[in-house]
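Below is one structure; the comments refer to it alone.
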Amino acid sequence: MPKYVGIPTLFPGYGPNPAVSQAITGRIVIALRRIRRQTAPGVSGPTHRTIMPADMPLETIAIIACAYFIAAFVKGATGLGFSTSALPVLALGIGLKAAMPLVIIPSLASNLIVMIGAGHFRETVTRFWPMFIATLPGLVLGLFLLDLVDGLLAGAVLGAVLMIYGAISLRRAGAVLPGRMARPLAPVIGFATGIINGITGSQVMPVLPFLLAMRLDPKRFIQAINISFSLSSLVMAVGLTHLGLMTQESVWISLFGLVPVYAGTKLGSLVRARLDAETFRKLVLVMLMIFGVILMGKAGLA
């Protein structure tokens with residue numbers, strides 16, 4: 001068996017263990033080889049666990065790594081956008097169905113990295129817990145409604161709303177939501193966010209404009225929005241596992257992707273640290289408009 005270079009530890013304070021890192025790297029390589037064998041022409045065996053095309057050349061591995069790094073950089077700089085940035089690049093290389101389970105673990109990891117850097121976790125949970133809790137039944141209802149509505153059409157409408165909202169907010173400062181109104185609105189916003197997420201796959205409406213209107217500082221905004229993202233991603237992980245798309249192979253490839261995810265998120269965070277609050281707000285709004293374009297493009301290409 002060839003000797004593989006171990007994956008370095010990602011968390012400070014824990015010394016590298018060559019035996020453990022070499023074992024992890026070996027498992028990733030075995031998973032990649034298993035994918036090749038399962039999907040190679042003329043090879044019998046189960047195909048429902050396949051998450052990749054017929055072969056995985058080094059170019060495809062490079063595409064996956066680049067998609068993770070670019071999406072993580074965007075995530076670190078703006079606090080959002082990992083899945084939205086990663087999925088188009090991954091879909092070009094391996095197809096959308098194969099790409100979906102590959103973004104869950106790296107997305108959760110990028111959420112965790114920016115949440116640790118942002119701080120104020122307990123304060124944010126205490127302040128917004130009704131919104132976070134209300135997101136879960138909304139998401140379940142949204143997934144149920146997905147069978148009753150055209151998800152792509154709903155996504156296109158949402159995309160248009162995102163673009164209009166972003167354009168208007170860039171031209172003017174936008175309304176400020178008083179604290180006395182924010183508290184009773186929070187569970188309504190959470191429930192609505194869950195419904196829209198279940199139908200369209202978008203996690204940003206209306207929770208993102210709600211948090212922007214509260215004029216939170218960038219760190220508290222990032223903490224609140226990423227707690228919401230993480231809850232939705234965990235529910236999505238359960239759903240993909242139930243459908244058989246979240247396999248052992250996809251998990252190992254996702255773990256391999258934590259290396260570029262960590263590097264990209266940290267680099268993006270350095271950029272964000274140099275931004276003032278107003279520049280940060282405008283950058284988030286630009287990302288929101290890009291989300292809108294992507295949602296409308298998905299419907300147009302279907």
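The values are calculated or read from the model by the stated rules, or taken from the named source; none is laboratory data. Computed from a predicted model, the values in this text were never measured in an experiment. Positions of Cβ are generated from backbone atoms using ideal geometry, with glycine treated the same way; all protein chains shown enter the neighbour counts. Protein only, heavy atoms only, side chains kept; ligands, DNA and RNA dropped before computing areas. Shrake-Rupley method; radii C 1.70, N 1.55, O 1.52, S 1.80 Å.
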Rounded to the nearest Å, the spacing of the alpha-carbon centers of segment 54-90 and segment 127-171 is 24 Å
Within the accessible area of segment 236-302 (1.4 Å probe), percent carbon and sulfur: 72 percent
Pairwise FRET efficiency - THR126 versus ALA277, Cβ, R0 = 22 Å, nearest 0.05: 0.45
Could you compute how much accessible surface HIS120 exposes when probed at 1.4 Å, giving the result in Å² to the nearest 10? 70 Å²
Ratio of segment 226-289's C-alpha Rg to 2.2 N^0.38 Å, to two decimals? 1.49
Kirkwood Rh over Cα pairs of segment 147-302 into Stokes-Einstein at 4 °C, 1.567 mPa s: D in µm²/s? 75 µm²/s
Please arrange TYR262, TYR68 by accessible surface area, largest first, computed with a 1.4 Å probe and ligands excluded. TYR262, TYR68
What is the ratio of the Cα radius of gyration of segment 159-242 to 2.2 N^0.38 Å, with N the residue count, to two decimals? 1.16
